[in-house]
Amino acid sequence: MFADERQPSHYSSADAKRFTETLARRLNVTDRFIKPGYEDVFYYLWRERRLPVNVDPFDSRLDDEMERVRLRRVFEQKLDAVVGYVLPLKSDAEDQPGLAGSAWSTGPWFLRDERMYLIPGDSPMGLRLPLDALPWVSQADFPYLVEQDPSAPRGQLPPATAMQGRYDSPAPLTGQKEPATFVQAPVRGKSAAGHSRTALVVEVRDPRRANGPKAEAAGEKFGMLYVFMPPLAKVEHYLELLAAVEATAQELGVRITLEGYPPPRDPRLKLLQVTPDPGVIEVNIHPAGNWRELVEHTEFLYNAAFETRLSAEKFMTDGRHTGTGGGNHFVMGGATPDDSPVLRKPELLASLLLYWHNHPSLSYLFSGLFVGPTSQAPRIDEARNDSVYEIEIAFREIARLEGEGALLPWLVDRILRNLLIDSSGNTHRSEFCIDKLYSPDSSTGRLGLLEMRGFEMPPHARMSLTQQLLLRALVARFWRQP
């Protein structure tokens, strides 16, 4: 049911409306609160008034090419054209994981204008919702999205067939329910805590918009159907909503493109992330449970890059054969924070830090040309003059607490966080980065992960595997004897 953005489709806003209404029926919520979204008519009329007197908004000669195309697009589709449809949505089973207590509810969005005007721009509609125009909510009552703690126990995910079976047939119209937890009207001076501030968005747009003005102006117009997933706290709810979207697409016989928020981080899901960075493509893969998996993952990635005409090697101007210079950071930990060897035995982290400090070749042999205090991975003794003295005190404190059985995971973070930094105090730019070890500040910082940043991208998979084998050997050695 996935659409190919390279193949022309000609869906319209009527298809988006029908999809949203059908999805609401499958989720057993009323469709009365579905809201159409429009481009901000007042902004674009003001923008037209600012044009020179001899400039036509359909063929404006503005210096900013993106703004020129944006104005022409908006005026060609007319200001009263519907961009897409919003279904305010939240899960009613935040404290009841699994299928047993799963339910969905919707509610009204009260806005100052009669219509819902989107924030001007070229991004997907789900990123341009006027959330700041919704009724005011106090800090204490704001419905923050609290993600599931990474250390919380998790059972098996329900089988896909069970989730699909739940939404195979739409709910009867008589079964639609009103969202009793939502207030029906904002009260002046009171906090409107009962309103949903998350929504699923269905939009039709030309996929070539993302490739720039020249691509968008070429040929006939496309109309692809995009479904923008809302943020959810638990992966069970995300997969259920996905099953409902799939069932809706099958019922209507349409092909869609999914976008929006990814599933919540969960160790039961394998995650592959491909991120374009300046000059490089960053790939983050799921954990490997053993050496054989690690070899398979590494060799597969190098081979996939080669088949895509990408390379991890280059030749410098003097003919030297070297890596591309991109980071090749190794992340050590476990599938869950409780599995992480660095948290199960904090002496292991102290041993690695001491060993790297006493063997400077490990810091420089695998790094690139950029080393020292201003590099991406400065050593402990390169950050501040007193770091070595202070980290000795930290190690003695770790040993004392561990001997007393009082070394809680978050204490490891508090003891070392302000020592594993660069000269400016940045905790991320450090040879040993513990940003995702066990920071109590956020759930994404409590993953039990240690990032080794002092490695440059090696030109061959076997060179990378040799470095990883060295790290695994050191972990095994220090686990037995700190």
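The values are calculated or read from the model by the stated rules, or taken from the named source; none is laboratory data. This one's a predicted model, so the numbers in the text were calculated from it and none came from an experiment. When we count neighbours, we look across all protein chains shown, and the Cβ atoms used for this are built from the backbone with ideal geometry, even at glycine. The accessibility values were calculated without ligands, DNA or RNA, using every heavy atom of the protein model including side chains. Shrake-Rupley method; radii C 1.70, N 1.55, O 1.52, S 1.80 Å.
Which one, THR161, TYR438, ALA461, is farthest towards the positive end of the dipole of the chain when Lys and Arg carry +1 and Asp and Glu -1 on their Cβ? Selected residue: THR161. Subtracting the Cα-Cα distance of THR275 and ASP381 from 0.36 nm times their residue separation leaves 35.0 nm of extension gain.
Residues LYS270, LYS35, LYS17 ordered from highest to lowest accessible area at a 1.4 Å probe: LYS270, LYS17, LYS35. HIS460 sits with roughly 100 Å² accessible to a 1.4 Å probe, with DNA, RNA and ligands left out of the calculation.
Each other residue within a Cβ distance under 15 Å of THR257 adds +1 if Lys or Arg and -1 if Asp or Glu, for a net charge of -2. The listed residues LYS221, LYS234, once ranked by accessible area (1.4 Å probe) with the largest placed first, stand as LYS221, LYS234.
With all protein chains in place and ligands, DNA and RNA left out, the 1.4 Å accessible area ranks VAL295, VAL235 as VAL295, VAL235, largest first. Distant-in-sequence amide contacts of ARG205, defined by a placed amide H-H separation under 5 Å and a gap of 5 or more residues or a different chain, comprise MET224, TYR226. Surface calculation, 1.4 Å probe, protein heavy atoms: TRP479 sits at approximately 90 Å² accessible.
Taking the accessible area of the chain, probe 1.4 Å, and keeping the other protein chains in place, the carbon and sulfur fraction comes to 53%. Taking a temperature of 4 °C and a viscosity of 1.567 mPa s, what whole-number D in µm²/s does Stokes-Einstein yield for the chain with Rh from Kirkwood over alpha carbon pairs? The Stokes-Einstein estimate is 49 µm²/s. Residue ranges 283-290, 381-388 sort as 381-388, 283-290 when ordered by packing (mean number of other C-beta atoms within 10 Å per residue, highest first).
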